[in-house]
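Quick notes on the structure that follows.
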Amino acid sequence: MNWQFFLEVLAGGLLAGVMYALVALGFVLIYKASGVFNFAQGAMVFFAALTFVSLVERGMNFWIALLATLAVMIGLGIAIERAVLRPLVNQPPITLFMATIGLTFVLEGLSQLIWGSQPHGLELGIPDEPMQWLSESANINISQFDLFAALVAGILVAVLALFFQKTRIGRALRAVADDHQAALAVGIPLRQIWAIVWAVAGFVALVAGLMWGARNGVQYALTFIALKALPVLILGGFESVAGAIVGGLIIGASEKLAEVYLGPFVGGGLESWFPYVLALLFLLVRPEGLFGEKHIDRV
Amino acid sequence: MSGRNIGEPILVVEDISLSFGGVRALQNVSFDVREHEIRAIIGPNGAGKSSMLNVVNGVYHPQVGTVTFKGETRHHVDPHHAASQGVARTFQNIALFRGMTVLDNIMTGRNLKMRTNFLQQALWVGAAKREEMAHRRKVEEVIDFLEIQHIRKTPVGRLPYGLQKRVELGRALAAEPELFLLDEPMAGMNTEEKQDMCRFILDVNDQFGTTIVLIEHDMGVVMDLSDRVVVLDYGRKIADGKPDEVRSDQAVIDAYLGVAH
Amino acid sequence: MLYREAGQFKATYVEDQQIFPIRQDRIAFAILLAVAFLVVPLVGNQYWLSAILTPFLVASLATIGLNILTGYAGQLSLGTAAFMAVGAFMAYNFELRMPWMPILGSFALAGLCAAAVGMVFGLPSLRIKGFYLAVATLACQFFVLWALQRIGWFTNYSTSGVITAQKIVILGYAVVTPASKYLLTLSVVAVMALLAKNLMRSQTGRAFMAVRDMDVAAEVIGIRMMRTKLLAFAISSFYCGVAGALYAFCYLGTVEPEAFNLDISFRILFMVIVGGVGSILGSFLGAGFITLLPIFLNLVSGWIRHTFGVELDHAMLSNLELIIFGGLIIFFLIVEPLGLARLWQIGKEKLRLWPFPH
């Protein structure tokens, strides 16, 4: 076996995993704070990326467009809390999950209705090319862009961690995540908190949308990356930020390795299902995920 | 309560210890229940009473100890096995099937007695139809017994609390159990509802000879209904005996009045 | 005043447990069946028969399938289209490799294959619930489509991956016209809907609902969790499999695996939610509603063009359709979680009292 090639595949997989983790992060945030499995996270990524790229294409300055999109995403978060979550409060989680499937369709339709359905290119100024020094010195090709994305993900996680640990809102969020009823009892305004969480998830979606949009172009197919993030969540547990990152890395690496080393034997295209089957097998061993908490059914 | 012949022990739990993570719910609890008797389990909140019932019918699996029912000793009881041996129960927080009607809920109680397979049921002819009707007749007897004819076709989710408790009793009765575990059947009821429920419990015990294990907080009810009482506190058995013996037991008085441990 | 049940007494439990206990309902349903079987094939034009009614019936069958699993047994699945795909491609292979097999035999065997696949992917339901399970069923969706695309045997090594369903011959009679395909679909769907209704009002159905409503209590009264859940997956997948076979043979004709993508799974789920979770009647109502909605939108856009002179282009319409679909799902979950079937029931209760409000 060619170890350089192996390393290259592994590194590529790990970095792709970071990209999955970026999307998974948004799921985890919302799940932690409101117990809602937000299937629409992928649609939010698409919505954010499409809004941003359309604003830039209409001549808006990069940073102003970024702020404007952020404002839109925060507005969206508040609107979702109002229109979807609030009327469904105290419903079983599965009902909320189905509602977010409906939300997915609304967001996909809405974003394309407003901005049109044609694909857009997105340029962040980071070339998606192998880094020369690494190619020359070790003969391993790793894309600059992938590293950049990893860096962004790292910063994002750090910022979120600071936000949760150091700010008042962040602490309230953690209280809500631990126990809704208790949080209500000590006077934390649940609805505001939910709106904020959805807004933060919108921000994470924007970052993920920029990364994915720059890599694959901003197009409808972006909504499918949410499907990539789901096995990551199963693996990492729905309520753990660390789990989202580690799960992302494992899924990214194993999927690329499987594609390269198993793919030729079965005709390729494993990427579409391999992460799912991996996550599924994992579920059978540890239903609560790598970092999830074990629940005891009380009767 | 004459006319009942209290027999040999039908249920024996021996040396049961159960813990969740670090929390010890039950420690070395042993007691027996005799055939046809009404046995009460009492104790302060968190004493491990519900956990004890959950051990008997296999919802929880104790780390140590055995459960002997009708002469068969098991360490690991499986809920389905317990049900098929004739153990039925009600829950502290009503565990009815909320989306189904009263009739359907009680019909589920007879599931272990149904023999036709799903293909016969899909065709709804011959054996499947006859079986369904035969069991419906049985279930109607339970409905008459509990005086809930008027709400037969109502989804249980729409019923008031007291009636839901009664339906849950009906579902368990429909299984024609030999051992009946009742977890706070009268919690949250008004006096009249309590009286009805007491009457049903005594009738079940008297008419069908069903052995009953009962968790109850209302001391008056416990003293009136039960033949013998087990007292649990912090997962340990602190007393066991006839109601008036238990009532005058110093350890029991301390547990209820909260003497420092 | 016509819709009265006063004076209709039920003397036996058999009478009390009929599917339609009220006489007027029985008459109305008999008329509906007569119209569907006798009148529609005569008066329906080709467009209505093959582009609307046949796919509607197929969708209804798949919706019944998913409703058995999700609505009755409470196990959410996002892999419906995969089970349909198994049905479609296996029916094709049975006809191809065993030409002597009667077509209904192939459909049934294809359904059994789908049931087997359903049980395999239903295994995780023994350990996981809710959206964990929903995600697990996505594994089925992606794996099955991948297998159908990559393993040549399924498509008889067709280079394009597209199969052409064989001609249907029943007892020497070729089923080729839209009307005859419609009738075949209608017969299969009507019989299977009846069987599903019977099953759901028997012990099996009650066990499914018990598992859905409170699994711990179900286990305590002696319902076997594993058997019940796997049976729900098997029966549900069987229905979806037969629906897939009908989809291929009576509607599409030529099929590729991509025809059974995730979008179809979602669409069937929407039919369940809109129509009514846990209702056979609701399955038909939901399928009808979701099938007719795009057609209705087209009519509206035509009307808008006609009256206002505003052209709604195709892309805009399909985006509007997405928004309306999604919005409807949210609307029904919030306002009427039991869907159109519940609205229908409320309407009937009102009608019983009419014209006196109390």
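The values are calculated or read from the model by the stated rules, or taken from the named source; none is laboratory data. Please read these numbers as outputs of a predicted model, since none were measured by experiment. Neighbour counts are summed over all protein chains in view; Cβ atoms, including those assigned to glycine, are modelled from backbone coordinates with ideal geometry.
Per-residue answers, yes or no, for (1) buried (at least 16 other Cβ atoms within 10 Å of the Cβ); (2) modelled with pLDDT of 90 or more; (3) under 16 Å from the mean Cα position of the chain (by Cα):
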{"residue": "C:ILE22", "(1), (2), (3)": "no, no, no"}
{"residue": "C:VAL39", "(1), (2), (3)": "no, yes, no"}
{"residue": "C:GLY44", "(1), (2), (3)": "yes, no, no"}
{"residue": "C:ASN67", "(1), (2), (3)": "yes, yes, yes"}
{"residue": "C:SER77", "(1), (2), (3)": "yes, yes, yes"}
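Only one of (1) at pLDDT 80 or above; (2) more than 16 Å from A:GLY217 (Cβ to Cβ); (3) in contact with a helix residue (DSSP H, G or I) (Cβ under 6 Å, 6 or more places away or on another chain) fails for A:ASN141. Which number is that?
It fails just one condition, (1).
Quick one: which residue in B:LEU163, B:LEU179 is free of Cβ contacts under 8 Å to residues at least 24 places away in the same chain, more than 12 Å from chain C (Cβ to nearest Cβ) and among the aliphatic types (A, V, I, L, M)?
B:LEU163
Hand me the list of helices (runs of 4 or more DSSP H) wholly inside the range A:33-128 holding 3 or more residues that are more than 13 Å from chain C (Cβ to nearest Cβ).
Those helices (runs of 4 or more DSSP H) span A:41-57, A:62-80.
Determine whether B:LEU53 is facing another protein chain (nearest Cβ under 10 Å) and without any contact (Cβ under 8 Å) to a residue 12 or more places away in the chain.
Criteria not met by B:LEU53.
Please enumerate the residues belonging to the range C:268-296 that are free of Cβ contacts under 8 Å to residues at least 60 places away in the same chain and surrounded by fewer than 24 Cβ atoms within 10 Å (Cβ to Cβ).
C:LEU285, C:PHE289, C:LEU293, C:PRO294, C:PHE296
Check whether at least one residue in the range C:236-246 is within 9 Å of another protein chain (Cβ to nearest Cβ), surrounded by 24 or more Cβ atoms within 10 Å (Cβ to Cβ) and either among the β-branched types (Val, Ile, Thr) or not in a helix (DSSP H, G or I) (or both), and report yes or no.
no
Just name the residue that is surrounded by the most Cβ atoms within 10 Å (Cβ to Cβ) out of those in the range B:68-79 that are touching a residue at least 12 places away in the same chain (Cβ under 8 Å) and more than 23 Å from B:GLY48 (Cβ to Cβ).
B:LYS70
Which count do you get for residues in the range A:188-237 that are crowded, with 24+ Cβ neighbours inside 10 Å and not in a helix (DSSP H, G or I)?
1
Could you give every pair whose Cβ atoms fall below 8 Å, whose first residue belongs to the range C:43-67 and is over 30 Å from C:PRO337 (Cα atoms), and whose second residue is β-branched (Val, Ile, Thr) and assigned to a helix (DSSP H, G or I), counting only separations of at least 6 or pairs across chains?
Close Cβ pairs satisfying both conditions: C:LEU49/C:VAL40.
Please pick out the residue among C:ARG305, C:ARG352, C:ARG342 that is without any contact (Cβ under 8 Å) to a residue 40 or more places away in the chain, charged (D, E, K, R) and over 20 Å from A:LEU110 (Cβ atoms).
Testing whether each residue is without any contact (Cβ under 8 Å) to a residue 40 or more places away in the chain, charged (D, E, K, R) and over 20 Å from A:LEU110 (Cβ atoms) leaves just C:ARG305.
Quick grid of which residues meet (1) within 14 Å of chain A (Cβ to nearest Cβ); (2) touching a Leu at 6+ places or on another chain (Cβ under 6 Å); (3) in contact (Cβ under 8 Å) with a residue 12 or more places away in the chain; (4) over 20 Å from C:ALA116 (Cβ atoms):
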residue	(1), (2), (3), (4)
C:PHE143	yes, no, yes, no
C:ALA147	yes, no, no, no
C:GLY152	yes, no, no, yes
C:SER158	no, no, no, yes
C:ILE163	no, no, yes, yes
C:ILE170	no, no, yes, yes
C:VAL176	no, no, no, yes
C:LYS181	no, no, yes, yes
C:LEU184	no, no, yes, yes
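In the range C:216-258, which residue that is among the acidic types (Asp, Glu) and in contact (Cβ under 8 Å) with a residue 60 or more places away in the chain is farthest from B:ARG171 (Cα to Cα)?
For the range C:216-258, the residue satisfying everything is C:GLU256.
For the range B:24-43, indicate whether the set of residues that are part of a strand (DSSP E or B), surrounded by fewer than 23 Cβ atoms within 10 Å (Cβ to Cβ) and free of Cβ contacts under 8 Å to residues at least 40 places away in the same chain is non-empty.
Checked the range B:24-43: at least one residue is part of a strand (DSSP E or B), surrounded by fewer than 23 Cβ atoms within 10 Å (Cβ to Cβ) and free of Cβ contacts under 8 Å to residues at least 40 places away in the same chain.
When you scan the range C:103-125, do you find a residue that is assigned to a loop (DSSP other than H, G, I, E, B) and either in contact (Cβ under 8 Å) with a residue 24 or more places away in the chain or within 14 Å of another protein chain (Cβ to nearest Cβ) (or both), even just one?
No - not one qualifying residue is present in the range C:103-125.
Applying the selection to the range C:56-95, what residues are within 13 Å of C:ALA196 (Cα to Cα) and among the polar types (S, T, N, Q)?
Listed by number, the residues that qualify are C:SER60, C:THR63, C:ASN67.
Would you say C:LYS197 is away from chain B (no Cβ under 14 Å), more than 30 Å from C:VAL135 (Cβ to Cβ), charged (D, E, K, R) and assigned to a helix (DSSP H, G or I)?
Here the answer is no, as C:LYS197 does not meet what is asked.
On the given criteria, is A:ALA183 free of Cβ contacts under 8 Å to residues at least 12 places away in the same chain and assigned to a helix (DSSP H, G or I)?
Yes.
Among the helices (runs of 4 or more DSSP H) lying completely within the range C:10-52, list those that include at least 1 residues that are among the acidic types (Asp, Glu) and either touching a Pro at 6+ places or on another chain (Cβ under 8 Å) or under 27 Å from C:VAL176 (Cα atoms) (or both).
The qualifying helices (runs of 4 or more DSSP H) are C:13-16.
Table: residues versus (1) at pLDDT 80 or above; (2) under 22 Å from A:TYR276 (Cα atoms).
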residue	(1), (2)
A:PHE164	no, no
A:THR167	yes, no
A:LEU173	no, no
A:ALA177	no, no
A:LEU184	no, no
A:ARG191	no, no
A:ALA208	yes, yes
A:ALA214	yes, no
A:LYS228	yes, yes
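This table checks each residue for (1) at pLDDT 95 or above; (2) among the polar types (S, T, N, Q).
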residue	(1), (2)
B:ARG171	yes, no
B:LEU181	yes, no
B:GLY188	no, no
B:THR191	no, yes
B:ASP206	no, no
B:ILE212	yes, no
B:ASP233	no, no
